[in-house]
Amino acid sequence: MTEKRVTFASKIGIVAAAAGSAVGLGNIWRFPSQTADGGGAIFILIYIACILFFGIPLMMSEFMVGRAARANTAGAFQKLAPGTPWKWVGRLGVLTGFVIMGFYMVVSGWTLDYFFQSLSGSLHKVDNLSAHFDALQANPVRQIAWMIPFVFLSVFFIVSGVKKGIERSAKIFMPLLFLLLIVLAIRSITLEGAIRGLSFLFRPDLSHVKSTVFLDAMGQAFFSLSLGMGCMITYGSYFNNNTDLAKTSIQVSTLDTLVAILAGVVIFPSAFALTANPETIVNELVAGGPGLLFITLPELFNQMPLSMVWSALFFCLLALAALTSTISLMEVVTVYLHEEYRVSRLKGTLLVSAGVIILGIISSYSSLFFNVLDVASAKFMLPIGGFFICLFMGWRLKKNLILLQLTNNGELPARAKLLNGYLFLLRYVIPIAILSIFVYGIVG
Ligand code: PHE
């Protein structure tokens, strides 16, 4: 198995593939609504702290586990700690992947729907975008009709193989999305009244903070960086031996955070500038809901010349960003079935799709179910997975193996200096922080 495993083709391809997994609806749809819900700037500050203290070290850890074992997520734990219960951490990850796909595919379907509405020009004619979004929410059949093609789009890329499918798509679409977000951000902050949105984003205001803000920000950090479920273990297993894991983790996390903040800079200034009732906008945002992106963005496009073109381009790129993430989610489960149960990739993917479609159908009918999947995966399953990955790295793996991974078998000797601090984080700081946040979020 080891010698047959494929690897990504180039350095840039590695960063693009991992960033393709990380950057997705989590950044552009979930981050803004979590930020609104968490009261703005204060949420963002805690979020960034989570990225720095948990995100980067954990991403490095997942890469190391994956590259050291060159196996799927459950197989990796099995290989590095044979005959121990650690493989359950990998299995939990596979389950988490399912749970995430169960609502993520539905939102991906919304992006396709809005893309085609932009193309046909019908989105442009809508007067009340908020009611328009509510109508979609109230129409499960329509949501399902867009979700299913999206699932099969992901299947197509999974089946076409690691290098060609994942790497190539990520390399092209990611930079385009980034550029478009910059253009939109400029339009948004130059609207009249945009400044209040910027201050909501960047000036902490303690009056809207909830006791769950730490839990929410931590969950969002795990979700956005695709951590805690073995996605980066699986991708790490395709990295070649001279990939600098520390550097790659920093690059991917930085890109991911930039995209999230850019999405905030696109959405909040326009939400403030384009609202009919500026007095209540903060309360409305905090009361939020999943529609923020799908309501505010079309309003912003209406402020631009050729609005339909921008709108179509944006929703197309958003769907593609979602696709590079669903590919990574599906890859985790597929390669698990392929390697552990010897089913072919095609058969594995089709099995996964059937399960995901069933969950997606239930999510389309029940917003409660949708929310349960979202909260269970982001706020609980991913941080719990991350907690155990930390313990595995800190307490179970041999220090020497970590050193070899960190320095690429001694080729990057300078990295050795990081080892002790890194281990200290993994052994004590991160697990204790995750536990404290859980306790505070649940009891506080
Ligand atoms: N990180 C992805 C996003 O932000 C979602 C994801 C979570 C993908 C976990 C893979 C694993 O959209």
Cross-chain or 6+ apart pairs with Cβ under 6 Å, the stretch 1-15 first and within 12 Å of Ala170 (Cβ to Cβ) and modelled with pLDDT of 75 or more, then of a type in the set (Asp, Glu) and surrounded by 16 or more Cβ atoms within 10 Å (Cβ to Cβ): Phe8/Glu167; Gly13/Glu167
Kindly evaluate Phe388 against the criterion of being open to solvent by 10 Å² or more (accessible area, probe 1.4 Å) and either modelled with pLDDT of 95 or more or within 16 Å of the ligand (Cβ to nearest atom) (or both). yes
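Look through Thr96, Thr111 and report the one residue that is within 16 Å of the ligand (Cβ to nearest atom), within 30 Å of Ser311 (Cβ to Cβ), in contact with a Leu (Cβ under 9 Å, 6 or more places away or on another chain) and hydroxyl-bearing (Ser, Thr, Tyr). Explain how you work it out, then say what you get.
Values: Thr96 fails: within 30 Å of Ser311 (Cβ to Cβ).
Answer to the check: Thr111.
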For residues that are surrounded by 23 or more Cβ atoms within 10 Å (Cβ to Cβ) and of a type in the set (Val, Ile, Thr), scanning just the stretch 285-337, find the one that is farthest from the ligand (Cβ to nearest atom). Thr296
Would you confirm whether any residue within the stretch 167-183 is of a type in the set (Val, Ile, Thr) and part of a loop (DSSP other than H, G, I, E, B)? no
For the stretch 198-212, does any single residue satisfy the condition of being more than 16 Å from the ligand (Cβ to nearest atom) and surrounded by 23 or more Cβ atoms within 10 Å (Cβ to Cβ)? yes
In the stretch 396-444, what residues are assigned to a helix (DSSP H, G or I) and β-branched (Val, Ile, Thr)? Ile402, Val429, Ile430, Ile432, Ile434, Ile437, Val439, Ile442, Val443
Is it the case that Phe31 is within 16 Å of the ligand (Cβ to nearest atom) and either in a helix (DSSP H, G or I) or free of Cβ contacts under 8 Å to residues at least 12 places away in the same chain (or both)? yes
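Mind checking whether some residue in the stretch 119-131 is at positive phi, out of contact with any strand residue (DSSP E or B) (no Cβ under 9 Å at 6 or more places or on another chain) and open to solvent by less than 10 Å² (accessible area, probe 1.4 Å)? Quick ask: steps written out before the conclusion?
Taking the stretch 119-131 as the starting set, the residues that turn out to be at positive phi are 121.
Add one more test, that the residue is out of contact with any strand residue (DSSP E or B) (no Cβ under 9 Å at 6 or more places or on another chain), and what stays is 121.
Next, only the ones that are open to solvent by less than 10 Å² (accessible area, probe 1.4 Å) stay: 121.
Yes - at least one qualifying residue is present in the stretch 119-131.
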Answer yes if at least one residue in the stretch 194-203 is over 30 Å from Val333 (Cα atoms) and among the basic types (Lys, Arg), and no otherwise. yes
Result of the Cβ filter at 8 Å on the stretch 245-257, keeping first residues that are on the phi < 0 side of the Ramachandran plot and partners that are open to solvent by 70 Å² or more (accessible area, probe 1.4 Å), at least 6 apart or interchain, is Ala246/Leu418
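Residues being touching a helix residue (DSSP H, G or I) at 6+ places or on another chain (Cβ under 9 Å), open to solvent by 50 Å² or more (accessible area, probe 1.4 Å) and free of Cβ contacts under 8 Å to residues at least 40 places away in the same chain: count how many of those fall in the stretch 421-441. Explain how you work it out, then say what you get.
Within the stretch 421-441, the first condition is being touching a helix residue (DSSP H, G or I) at 6+ places or on another chain (Cβ under 9 Å), and the residues that meet it are 422-431, 433-438, 440-441.
From the residues that got through so far, the ones that are open to solvent by 50 Å² or more (accessible area, probe 1.4 Å) too are 424, 427-429, 435-436, 440.
Narrowing further to those that are free of Cβ contacts under 8 Å to residues at least 40 places away in the same chain: 424, 427-428, 436.
So the answer is 4.
Filter the stretch 405-420 down to the residues that are out of contact with any helix residue (DSSP H, G or I) (no Cβ under 7 Å at 6 or more places or on another chain) and free of Cβ contacts under 8 Å to residues at least 60 places away in the same chain and list them by number. Explain how you work it out, then say what you get.
Pass one, the stretch 405-420, residues out of contact with any helix residue (DSSP H, G or I) (no Cβ under 7 Å at 6 or more places or on another chain): 408-414, 417, 420.
Within the stretch 405-420, Gly410, Pro413, Ala414, Lys417, Asn420 meet the criteria.
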In the stretch 380-433, residues that are aliphatic (A, V, I, L, M) and within 20 Å of Gly230 (Cα to Cα) total 14
Give the residue that is most open to solvent (accessible area, probe 1.4 Å), with candidates limited to residues of the stretch 355-369 that are under 20 Å from Ile327 (Cα atoms) and not small (Gly, Ala, Ser). Ile358
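Quick one: which residue in Val23, Val15, Val65, Val6 is of a type in the set (A, V, I, L, M) and within 14 Å of the ligand (Cβ to nearest atom)? Before the answer, list the steps.
Working: Val15 fails: within 14 Å of the ligand (Cβ to nearest atom); Val65 fails: within 14 Å of the ligand (Cβ to nearest atom); Val6 fails: within 14 Å of the ligand (Cβ to nearest atom).
Checking each option against the conditions leaves just Val23.
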Exactly one of (1) in contact with a helix residue (DSSP H, G or I) (Cβ under 8 Å, 6 or more places away or on another chain); (2) open to solvent by 50 Å² or more (accessible area, probe 1.4 Å); (3) within 30 Å of Ala135 (Cα to Cα) is unmet by Val352. Its number? (2)
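The values are calculated or read from the model by the stated rules, or taken from the named source; none is laboratory data. As the structure is a computational prediction, the values presented were derived from the model and not from experiment. FYI the Cβ positions are ideal-geometry reconstructions off the backbone, even for glycines, and counts take in every protein chain you see. The protein model used for the area step is the full one, side chains on, heavy atoms only, and it has no ligands, DNA or RNA in it. Shrake-Rupley method; radii C 1.70, N 1.55, O 1.52, S 1.80 Å.
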